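Here's the structure we're looking at; comments come further down.
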Amino acid sequence: MRVVAILLGLTAVVFIGLYTLAFTSLGNSIMEPIIESKIRQETKLESKLTTFSLNMSSLEIVLELTPNNRVSLDGNYSLFSQVFTINYEAKLDQLSDLNELAGAPLIGNFSAQGHIQGDMDLMDIDGVSDIAKSQTSYHVTLTDMQATSIIAKVQKADLLTLLGMLGQKPYASAQIDLDIDFKNITPHALDGVVTLQTHKGKIDAKLMQSDFNVSLPETAFSLNLDAQLSGDDVDYTARLDSNLAKIISSGKVIPEPLALDVIYVLDIQELAVLKPITQVNIRGPLRLNGTAKGNKENLLIDGKSDFSGSDTAFTLNLEEFAPRSIKANMKNLKLEKVLYMLEMPHYADGVLWLDADITDARSTKLKGNITTSIKNGLVDSKYVTKTYEFKSEMPRTAFDLKTTTLLNAEMIDTQVTLNTTLASIVMQKLRFDMRDASLDTDYKLSVPNLDALFFATQRHIRGGLVADGKFSQAKDMDLTVHSNIASGTLEAKLHNDDFRAELKGLKTQSILHMLLYPEIFDSSLNGTFVYNLLAQKGELNAALANGVFSKNEIFSLIKQYGVLDMYEERFKGDVNAKINKEFIVASLELLSNKSSIKTQNTKLNSKTKAIDSNLDLVVNNNPISASIRGTTDAPKVSVDLEKFMKSKAGDAVKQEVNKFLKGFF
């Protein structure tokens, strides 16, 4: 009995101690700083309990989260039956003080008050709130601390205030009504109705213009959502109406695990309104309708559209919401409308066709093929001429394009054929490596009439050009060029900014013919041309061999007066030109058995066409000197015969030399 008495005594002491600690003024004063410290630790705020009173049947607690945000509780409870009735009030007058607690930027204020009654197994929470300037009432039932039913009514919530509270810009204003009536929100046993309506919706056009450079007309909108929840199913109808877009969707959704069978209709008059969401520069109308069926593991979306004036159909298969396969077919896609939608300049008109069958759309395991073609293409010559500041207008240029692309994991191989009235280019194997974004391709270029490029070259050129080679772009850019030109060959390579060309067996007469110069000299030219595109500096070094002059008045007069038959002379020599931007310094020396032609440091300006040159001709030990000044369009030629042919033949030769040099330039 003594032991029992001791145990009862100890129990009484512990009980009295716990009672004193928990339910007396002394105990409250001891517990208050401990609880306050724990609240500060959890909220990371300088919170304090301005009131803390707890006894056997009632409580009163006032927690000041910050000086402008307060939560209070008061009420009665039974310690033994665990039944309680507690009133609560939250006055949050400065939400920005709670940013760290919320984990998001908050602005504004709201209040809520109501009561909680029941026990830990079953409790009801009732209350009202003015959140977002609304008139809100709610009733929530918790079973075993889990919400099992919710009834809420939100009237005239202000969208501008709500966006401000969440730290978002007020891109739209509206009044929102929301009715929620869930008799049961237990998973797999859902039973309830949700109705959402907006009134007086309006988009802030000025803010859209300043933030996104999107020009919108005055835009009003309304949104209606009706959803019926039963078991695992959610049957819904949603409709957004505005003068910019109409979006309708309806069907059945199972939230967990996700499954859906829905239809959708999108009629968007101006895609620019979506820029705040998509962050993509796109504009113009879009009409789209289709279905979405499946679940998270396998979702099939199909649709039809008149995108950019086309007849478009597609099927998209998603796994875990990521594209798994894609089939798409576009017919009669208007190129000019695509350029407009992408906010790109009007480079051209045309009609585009596309067929895509991507059996595996995963980025590292791509499989499939894509075929595209553009027909009836026409370049906007006026726009291109103005944009690239051509001195003469680009001619009317029609084109067609065809590409065939094979997707193979991280390699994309494409065949390209582009035909235009100016030129054509064929790439048999254009390869893009997605691992390092490198590009490698062969090409064959054909220009049937070089003179058609006068708008870009500002030089009339006869004949055509065929060239082929390879192009690669990775860490460095490399381009090779091979062409049979001017009865010889051109082998060139561009490495980043450095260009080098090897000239082999070119015929000067063919070059003069192409450049519309008098075809007075025919020889074989071999040489090297190097040029840096960035510095705009380069040099030409070439050798001339087996050169002969064609019939001309100068040599005919020289022959007539018995000095020398220059037509029988065979010339060889060197030509050198140094280029520094528009400035060219050139030298030429031609030698035969009995004559020579030399010019040293001839200065040319490719922009102003200014020329400064001295030319020395020695015929059978008889010198002729000439100077050329002014511009190549209207050169001033001065001829000095000195001792050569002091007879009347000298004057005749002098006149012909003058006419010849002027005619050449």
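The values are calculated or read from the model by the stated rules, or taken from the named source; none is laboratory data. As the structure is a computational prediction, the values presented were derived from the model and not from experiment. No Cβ is skipped: glycine too gets one built from the backbone with ideal geometry, and neighbour counts run over all protein chains shown.
Residues in the range 241-256 that are assigned to a strand (DSSP E or B) and either in contact (Cβ under 8 Å) with a residue 40 or more places away in the chain or closer than 16 Å to Val194 by Cα (or both): Ser242, Ser249, Ser250, Gly251, Lys252, Val253, Ile254.
Residues that are surrounded by 14 or more Cβ atoms within 10 Å (Cβ to Cβ), at pLDDT below 80 and of a type outside the set (D, E, K, R), at least 3 per element: which strands (runs of 3 or more DSSP E) completely within the range 587-642 meet that?
In the range 587-642, the matching strands (runs of 3 or more DSSP E) lie at 622-631, 635-640.
The set of residues in the range 230-240 that are assigned to a strand (DSSP E or B) and farther than 21 Å from Lys202 by Cβ comprises Ser230, Gly231, Asp233, Val234, Asp235, Tyr236, Thr237. Scanning the range 67-102 for residues that are out of contact with any helix residue (DSSP H, G or I) (no Cβ under 9 Å at 6 or more places or on another chain), in contact (Cβ under 8 Å) with a residue 24 or more places away in the chain, in a loop (DSSP other than H, G, I, E, B) and more than 21 Å from Ile125 (Cβ to Cβ) gives Asp93, Gln94.
Within the range 103-117, being part of a loop (DSSP other than H, G, I, E, B), surrounded by fewer than 17 Cβ atoms within 10 Å (Cβ to Cβ) and not hydrophobic (A, V, I, L, M, F, W, C) holds for Gly103, Pro105. For the range 200-216, name all the residues that are touching a residue at least 40 places away in the same chain (Cβ under 8 Å) and either surrounded by 16 or more Cβ atoms within 10 Å (Cβ to Cβ) or not polar (S, T, N, Q) (or both). Within the range 200-216, Gly201, Ile203, Met208, Asp211, Phe212, Val214, Leu216 meet the criteria. Counting just the residues of the range 385-398 that are more than 22 Å from the chain's Cα centre (by Cα) and not in a loop (DSSP other than H, G, I, E, B), which one comes out nearest to Thr417 (Cα to Cα)? Applying the filter and picking the extreme gives Ala398. When the range 332-361 is filtered for residues that are more than 21 Å from the chain's Cα centre (by Cα) and of a type in the set (Asp, Glu), the ones remaining, listed by number, are Asp349, Asp355, Asp357, Asp360. Here's a check for you: in the range 563-586, which residue that is assigned to a strand (DSSP E or B) and more than 46 Å from the chain's Cα centre (by Cα) is surrounded by the most Cβ atoms within 10 Å (Cβ to Cβ)? So, considering only residues that are assigned to a strand (DSSP E or B) and more than 46 Å from the chain's Cα centre (by Cα), the one surrounded by the most Cβ atoms within 10 Å (Cβ to Cβ) is Phe571. Can you pull out every residue in the range 241-285 that is among the charged types (D, E, K, R) and within 30 Å of His188 (Cα to Cα)? Matches in the range 241-285: Lys252, Glu256, Asp261. Screening Glu519 against (1) touching a His at 6+ places or on another chain (Cβ under 9 Å); (2) part of a strand (DSSP E or B) leaves a single unmet condition, (2).
Name the one entry in Ser47, Ser53 that is of a type outside the set (A, V, I, L, M, F, W, C), surrounded by 13 or more Cβ atoms within 10 Å (Cβ to Cβ), over 19 Å from Ser129 (Cβ atoms) and in contact with a Lys or Arg (Cβ under 7 Å, 6 or more places away or on another chain). If you could, list the steps in order and put the result at the bottom.
Numbers: Ser53 fails: in contact with a Lys or Arg (Cβ under 7 Å, 6 or more places away or on another chain).
The match here is Ser47.
Is it the case that the range 89-107 has a residue that's on the phi > 0 side of the Ramachandran plot, modelled with pLDDT under 85 and more than 41 Å from the chain's Cα centre (by Cα)? So far as the range 89-107 goes, no, none of its residues is on the phi > 0 side of the Ramachandran plot, modelled with pLDDT under 85 and more than 41 Å from the chain's Cα centre (by Cα). Just one residue in the set Thr405, Thr387 is without any contact (Cβ under 8 Å) to a residue 40 or more places away in the chain and among the β-branched types (Val, Ile, Thr); that residue is Thr405.
Scanning the range 249-293 for residues that are surrounded by fewer than 16 Cβ atoms within 10 Å (Cβ to Cβ) and aliphatic (A, V, I, L, M), which turns out farthest from Lys304 (Cα to Cα)? Looking at the filtered set, the residue picked out is Leu258. Does Thr364 meet the test of being under 22 Å from the mean Cα position of the chain (by Cα), under 30 Å from Asn295 (Cβ atoms) and of a type outside the set (D, E, K, R)? So Thr364 fits the description; yes. For the range 118-129, a tally of residues being more than 28 Å from Leu95 (Cβ to Cβ) and assigned to a strand (DSSP E or B) returns 2. Residue count for the range 309-344, restricted to those that are surrounded by fewer than 17 Cβ atoms within 10 Å (Cβ to Cβ), in contact (Cβ under 8 Å) with a residue 40 or more places away in the chain and part of a strand (DSSP E or B): 1.
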